[in-house]
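S.K.: Questions regarding the structure given below will be posed in turn.
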Amino acid sequence: MADRLKVDLSGAPQTMLATFYAKVLDAGLPRPILGDQLARQIAERIDYDWSATSITAARSPAVTTRSAHFDRWTAQFLAVHPEAVVLHLGCGLDGRFFRLRPGPGVQWYDIDYPEVAQLRKRLYPSAERCHVLAASVTDADWLRDIPADRPTLMLGEGLTMYLTERDGLELLRRVVDGFPSGELQFDAFNTLGIKSQWTNTVVRRSGARLHWAINGPDDIRTAVPGTRLLAWVSPFDTPEFGRVGPAYRLLAKVMSSVPALRYMAQYHRYAF
Ligand SMILES: C[S@@+](CC[C@H](N)C(=O)[O-])C[C@H]1O[C@@H](n2cnc3c(N)ncnc32)[C@H](O)[C@@H]1O
C-alpha cells in the first residue's frame, strides 16, 4: 500500500506499538479474546517492522486479557453513569472508544504524548465526543480544558509504571480534586515487576524506563485522600484470564502460588 504511514518511535511511546500489535494479532485468531477488527484495519495503514515488537500471537493474551478486563470495568462505569467524562490516559493506539461505542452522554478524551496523539489522529476515524489530546498526563494544563461537572472515569492501562511515584500520585490527586465524583482504574507493577524490568522485552527494546512500584491498595488510599477501594485483583484472577490457552493457564497457576509473582501485575479500581 503506497500511502502507509512510516512510524518511528522510541521510549515509552514505542511500547504502545507492542500492545497495539497484540490486538492486531488477536483479531486474526479463530477465537480472539478482544476481537478488535478496527485495530487490524489500522495496522494495514502503518509501515513498521512489527517483528521489532517481539509480540507473537501466542503472547498476545498477556495484553488482550488486560484490555478486555478494562473494557469490562469501563462498561460497568458507563452503565451506571451514562452522562460521564472518560479520561483515557496513555491511550496509545488502543481503540477502546470504538470497541465500547459509549452512549451520547459521554465525552471521551484519548490522551498521550504528542507523537502518539498525532499518529492516532491520522489513523483513527474522527468521532463526535471522542477527543484526542496531545500532552503528557503529568502536565496539569490539559485538565483545565475538560468539563468538570460530571462523573469522571480516569483510566490508565499500561501507564502507571512509566510515571515516577511523585508524578503518578500528583496526577491521581489532581483528578480526585478536580472532578465531583468518579473512578480511578489502572494497572500497576509491584516492586518485583519494576526491579525485573530488564526481563520485559517490550520495555527493554524501546529504551523506556519503569519507575513506579505499587504494592497494594494501601499505597494509593493513604496517598490519595478521598479514594475508596472498589477492587484490587491479580490478572490471573479475572474472568478474562479464564479464556487463555493451557500454556498461559499453567504459568498463571505456578505464578499464583507466590504472592510477589501473583501480584507482579495488578488491576486497581477506586471510587472518589
Ligand atoms: C504500554 S503503552 C499502553 C498503550 C495503551 N494504553 C494500550 O494498553 O494499548 C504505554 C503508553 O503510555 C504512554 N505514556 C507513558 N507515559 C506517558 C505520559 N507521561 N503522558 C502521556 N502518555 C504517556 C506511552 O506514550 C504509551 O502510549
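The values are calculated or read from the model by the stated rules, or taken from the named source; none is laboratory data. Note that the coordinates shown come from a computational prediction; the quantities given were computed from them, not determined experimentally. Note: ideal-geometry Cβ built from the backbone for every residue, glycine included; neighbour counts use all protein chains shown. The protein model used for the area step is the full one, side chains on, heavy atoms only, and it has no ligands, DNA or RNA in it. Shrake-Rupley method; radii C 1.70, N 1.55, O 1.52, S 1.80 Å.
S.K.: In region 126-140, how many residues are of a type outside the set (A, V, I, L, M, F, W, C) and near the ligand (Cβ under 9 Å from one of its atoms)?
M.R.: The total comes to 3.
S.K.: Which numbered condition trips up Arg96, out of (1) away from the ligand (no atom under 11 Å from the Cβ); (2) surrounded by 14 or more Cβ atoms within 10 Å (Cβ to Cβ); (3) of a type in the set (D, E, K, R)?
M.R.: It fails just one condition, (1).
S.K.: Separate question: Let me confirm something: among Leu153, Leu123, Leu87, Leu143, which residue is in contact with a Leu (Cβ under 9 Å, 6 or more places away or on another chain), more than 9 Å from the ligand (Cβ to nearest atom) and open to solvent by 20 Å² or more (accessible area, probe 1.4 Å)?
M.R.: On the way: Leu153 fails: open to solvent by 20 Å² or more (accessible area, probe 1.4 Å); Leu123 fails: open to solvent by 20 Å² or more (accessible area, probe 1.4 Å); Leu87 fails: open to solvent by 20 Å² or more (accessible area, probe 1.4 Å).
Criteria check complete, one pass: Leu143.
S.K.: Starting from region 122-140, keep only residues that are over 17 Å from Met154 (Cβ atoms) and hydrophobic (A, V, I, L, M, F, W, C), then list their pairs with residues that are more than 9 Å from the ligand (Cβ to nearest atom) and assigned to a loop (DSSP other than H, G, I, E, B) whose Cβ atoms are within a distance under 9 Å, requiring at least 6 positions of separation or different chains.
M.R.: Within 9 Å, the pairs are Leu123/Arg45.
S.K.: Just checking, which of Asp8, Asp26, Asp71 is buried (at least 23 other Cβ atoms within 10 Å of the Cβ), of a type in the set (Asp, Glu) and either without any contact (Cβ under 8 Å) to a residue 60 or more places away in the chain or in contact with a Pro (Cβ under 9 Å, 6 or more places away or on another chain) (or both)?
M.R.: On inspection, the qualifying residue turns out to be Asp26.
S.K.: So, one more: Under the condition of being within 19 Å of Asp36 (Cβ to Cβ) and among the hydrophobic types (A, V, I, L, M, F, W, C), which residue from region 107-120 is most open to solvent (accessible area, probe 1.4 Å)?
M.R.: My answer is Leu119.
S.K.: Among Asp187, Asp167, Asp177, which is the only one that is at pLDDT 95 or above and touching an Asp or Glu at 6+ places or on another chain (Cβ under 8 Å)?
M.R.: None of the other options fit; the residue is Asp187.
S.K.: Return the total of residues in region 34-44 being open to solvent by 20 Å² or more (accessible area, probe 1.4 Å) and not in a helix (DSSP H, G or I). Walk me through it before giving the result.
M.R.: Of region 34-44, the ones open to solvent by 20 Å² or more (accessible area, probe 1.4 Å) are 34-35, 37-38, 40-41, 44.
Still in the running and not in a helix (DSSP H, G or I): 34-35, 44.
Final tally of qualifying residues: 3.
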